[in-house]
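Here's the structure we're looking at; comments come further down.
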Amino acid sequence: MINTKLPKIWYGGDYNPEQWEPAIWSEDERMFQLAGVDVATLNVFSWALNQPSEDVYDFSWLDEQMDRMSRTGVYVCLATSTGAHPAWMAKRHPDVLRVDRMGRKRAFGGRHNSCPNSPTYRQYSTRLAGKLAERYKDHPALVIWHISNEYGGYCYCDNCAAAFRVWLKERYKTLDALNRAWNTRFWGHTFYDWDEIVPPSELSEEWGHNRTNFQGISLDYRRFMSNSLLECYKLEYEAIKEFTPDIPVTTNLMGLYPELDYFEWAKYMDVVSWDNYPSLDTPVSLTAMTHDLMRGLKHGQPFMLMEQTPSQQNWQAYNSLKRPGVMRLWSYQAVARGADTVMFFQLRRSIGACEKYHGALIEHVGHEHTRVFRECAQLGKELQGLADSILDSRSGARVAIVYDWENRWAIELSSGPTVALDYVKEVHKYYDALFKLNIAVDMIGVDADLSPYDLVIAPVLYMVKPGYAGRIEEFVEGGGTFVTTFFSGIVNENDLVATGGYPGELRKVTGIWAEEIDALFPDQSNRMEMRQAWGELEGSYSCGLLCDLIHAEGAEVLAEYGEDFYKGMPVLTRNRYGQGTAYYVASSPEAAFLEGFLSNLCQDKEIAPLLADVPRGVETALRVKGESRYLFVLNHLADEAQIQIGNQVMRDLLSGEQIKGQVSLPGRGVLILESM
């Protein structure tokens, strides 16, 4: 648990006093107290201020701010400021500048503009992190370290090319092994010297977004780049831990961000933190899924909500205001799904540059008489009242959905069978069905232990990594239920096809084999015809995108295709394997099918909804701490909703009231119900 020094849900956010004159600071202090702010993130983009030249460091401004925070009762999440290098560094050491996928070397500007394999960048960023840790190691305000900011962005410079070759030598040992893994006899690409290998940029193998001649090369470069950026983080982490071994360290992730393998990153983070920025039209269940994924990165450990906006974002095409109650509602959605902090970007709104129209606790008007401030102050008061009651609690889920960044990369880089296949969307379809059924879900990686779960779902498991099929077989054989879908079991970790019939290593546990895959145009569809009624499923359902043409070899056929030349071939199968069952869904079905299908599976495993008969638009989530259970009920509707709680008396942590039976929950209202 990170909240030991301040045993409550931390409340605050990014604060940039260096952008303001001292006359403003006293107003900030007053308004922070009014709003209940108790943690401020400092020093996120202040490298140029901390180090004005090569050998000069000046922390006097930061000393003043750290002391001021401590004096006013606000703790500090202290950033290392290494997310944007100073201009002098780019001028004197051009090796810090990135080269983009089209071979163009960047000039100074923006942020995330440093080559992760630049010796200069690594030297100076690590040194700065160490100096900060040494200086503030005993400061009473310090509660957590925040390395860099929102890591991302690939580089294709000569430093990266050289480092890529070293990485490949460590991974493959010999050129023969590399040539086999990359299938380089295709198009005569055989390599006879390590120095012949170049990054897969638009000057070599790639063209456009996620288009490549050699999936194996491009896939490895994504692994390498994720690892290169992680190495930069780890260098700063180690420099900090030398002086503050007991203070937790994090960096803010970005949810479903495609470029980094966050499961690998989480191994080196004391606590996961992330920045949540849905738009007005983002499905509520997609945000919930992303929270669950962030919780799943460290096997269910609570996470930090490091950033969200109190009101308005600035970089989307249409930056709508959060309607009254939405900021509070979405904050509690994060808490419901594992957040032990509620923090904002930003605490005072900037007056210049590209984020001046991004919302803040303190708006440009500069006082507390705003709708946004009143809502934030109300939330701050409520979080004070919750104290430490739900800190470090877990989800208690018995259903898991598998998510894997390397699998996503491989699918996105695939040269077929359809450009319409979106891994995140297919995963979300299964999550959304369970969300509507009010079933708690854990999002897990392929390294996760499967034994805590009764039902494991792996949509579009295109890449099967070494040993994973065996772990699935062991899970099913022991009594678990496993679900996978079309376009699964196709390739190994190098994106080489498993011959002998799809779904490759999953063929044994699923009891089917596929000989062809039909790609449907956007205006085409097929039908899934149930052979007979099965629980919530009966009749016919629409399906599309891809259709695997499969044969049952031991599996029971539950539904068949209803159209085209493969009419009558299986589209939904069930295979008994040991004490458990594996299902194969051979196409992408409509939502009604998935709700019925997953409802059947949950009923079979006696997995009950968190609440029954909840109106659509009302979300439920559970946090469990020892013998205590905390049921969150969140009304995403603008109108009042009627909720049937049941006959057990429960206490609402927010109001203190004892309730049972039917409850009227106001539009965008929240309940946190503790069993009595």
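Considering every residue within the range 221-237, establish whether at least one is farther than 16 Å from Asn149 by Cα and either among the acidic types (Asp, Glu) or in contact with a Gly (Cβ under 6 Å, 6 or more places away or on another chain) (or both).
Looking through the range 221-237, none of the residues is farther than 16 Å from Asn149 by Cα and either among the acidic types (Asp, Glu) or in contact with a Gly (Cβ under 6 Å, 6 or more places away or on another chain) (or both).
Across the range 471-491, which residue is farthest from the chain's Cα centre (by Cα) among those that are of a type in the set (A, V, I, L, M) and in a strand (DSSP E or B)?
Only one residue tops the list, namely Val491.
If only one of Pro245, Pro278 is in contact with a helix residue (DSSP H, G or I) (Cβ under 6 Å, 6 or more places away or on another chain), in a loop (DSSP other than H, G, I, E, B) and not acidic (Asp, Glu), which one is it?
None of the other options fit; the residue is Pro278.
Starting from the range 299-324, keep only residues that are in contact (Cβ under 8 Å) with a residue 60 or more places away in the chain, then list their pairs with residues that are aliphatic (A, V, I, L, M) and not in a loop (DSSP other than H, G, I, E, B) whose Cβ atoms are within a distance under 6 Å, requiring at least 6 positions of separation or different chains.
Listed pairs, sorted by first residue: Met306/Met343; Pro310/Met327; Pro310/Val372; Ser311/Val372.
Being buried (at least 17 other Cβ atoms within 10 Å of the Cβ) and of a type in the set (Ser, Thr, Tyr) is the filter here; which residues of the range 264-276 pass it?
Across the range 264-276, the qualifying residue is only Ser273.
So for the range 439-454 (the condition being in contact with a Leu (Cβ under 9 Å, 6 or more places away or on another chain), farther than 15 Å from Val402 by Cβ and in contact (Cβ under 8 Å) with a residue 40 or more places away in the chain), does at least one residue qualify?
Yes, some residue in the range 439-454 is in contact with a Leu (Cβ under 9 Å, 6 or more places away or on another chain), farther than 15 Å from Val402 by Cβ and in contact (Cβ under 8 Å) with a residue 40 or more places away in the chain.
Being in contact (Cβ under 8 Å) with a residue 60 or more places away in the chain and hydrophobic (A, V, I, L, M, F, W, C) is the requirement here; does Ala559 meet it?
no
Kindly indicate whether Gln642 is loosely packed, with under 12 Cβ neighbours inside 10 Å, over 16 Å from Gly385 (Cα atoms) and not β-branched (Val, Ile, Thr).
Criteria not met by Gln642.
Looking for something in a loop (DSSP other than H, G, I, E, B) and either over 28 Å from the mean Cα position of the chain (by Cα) or of a type in the set (Phe, Trp, Tyr) (or both) - is there at least one such residue anywhere in the range 437-452?
No - not one qualifying residue is present in the range 437-452.
Quick one: how many residues across the range 557-573 are out of contact with any Pro (no Cβ under 9 Å at 6 or more places or on another chain) and within 23 Å of Gly500 (Cβ to Cβ)?
Number of matching residues: 4.
Out of contact with any Phe, Trp or Tyr (no Cβ under 7 Å at 6 or more places or on another chain), touching a residue at least 60 places away in the same chain (Cβ under 8 Å) and surrounded by 15 or more Cβ atoms within 10 Å (Cβ to Cβ), is that true of Pro140?
Judged against the criteria, Pro140 is not a match.
I'd like the residue in the range 25-40 that is in a helix (DSSP H, G or I) and in contact with a helix residue (DSSP H, G or I) (Cβ under 8 Å, 6 or more places away or on another chain) and, out of all such residues, is farthest from Ser331 (Cα to Cα).
It comes out as Trp25.
For the range 387-399, indicate whether the set of residues that are assigned to a helix (DSSP H, G or I) and either in contact (Cβ under 8 Å) with a residue 12 or more places away in the chain or not assigned by TED's automatic domain parsing to the domain that holds Tyr462 (or both) is non-empty.
no
Working only within the range 248-265, note down all residues that are within 16 Å of Arg408 (Cβ to Cβ) and either of a type in the set (A, V, I, L, M) or not in a loop (DSSP other than H, G, I, E, B) (or both).
Leu253, Met254, Leu256, Leu260, Tyr262, Phe263, Glu264, Trp265
If you take the residues in the range 240-263 that are touching a residue at least 40 places away in the same chain (Cβ under 8 Å) and acidic (Asp, Glu), which one is surrounded by the most Cβ atoms within 10 Å (Cβ to Cβ)?
Asp261
Which is charged (D, E, K, R) and either modelled with pLDDT under 95 or more than 26 Å from Met1 (Cβ to Cβ) (or both), of Asp270, Asp281?
The conditions single out Asp281.
Can you find, within the range 622-676, the residue that is nearest to Ala397 (Cα to Cα) among those that are part of a strand (DSSP E or B) and small (Gly, Ala, Ser)?
Going through the qualifying residues, I end up with Ser628.
Assuming Gly661 fulfils every condition listed in (1) outside the structural domain of Ile457 (by TED's automatic domain parsing); (2) buried (at least 16 other Cβ atoms within 10 Å of the Cβ) apart from one, which condition is it?
Among (1) outside the structural domain of Ile457 (by TED's automatic domain parsing); (2) buried (at least 16 other Cβ atoms within 10 Å of the Cβ), the lone unmet condition for Gly661 is (2).
Which residue is farthest from Asn276 (Cα to Cα), if the candidates are limited to the range 17-71 and must be surrounded by fewer than 18 Cβ atoms within 10 Å (Cβ to Cβ) and polar (S, T, N, Q)?
Among those that are surrounded by fewer than 18 Cβ atoms within 10 Å (Cβ to Cβ) and polar (S, T, N, Q), it is Ser53.
Quick one: how many residues across the range 603-614 are surrounded by fewer than 20 Cβ atoms within 10 Å (Cβ to Cβ) and modelled with pLDDT of 95 or more?
8
The values are calculated or read from the model by the stated rules, or taken from the named source; none is laboratory data. Keep in mind the model is a prediction, meaning the values are calculated, not measured. Here the Cβ is made from the backbone with ideal geometry for all residues, glycine too, and neighbour counts use every protein chain on show.
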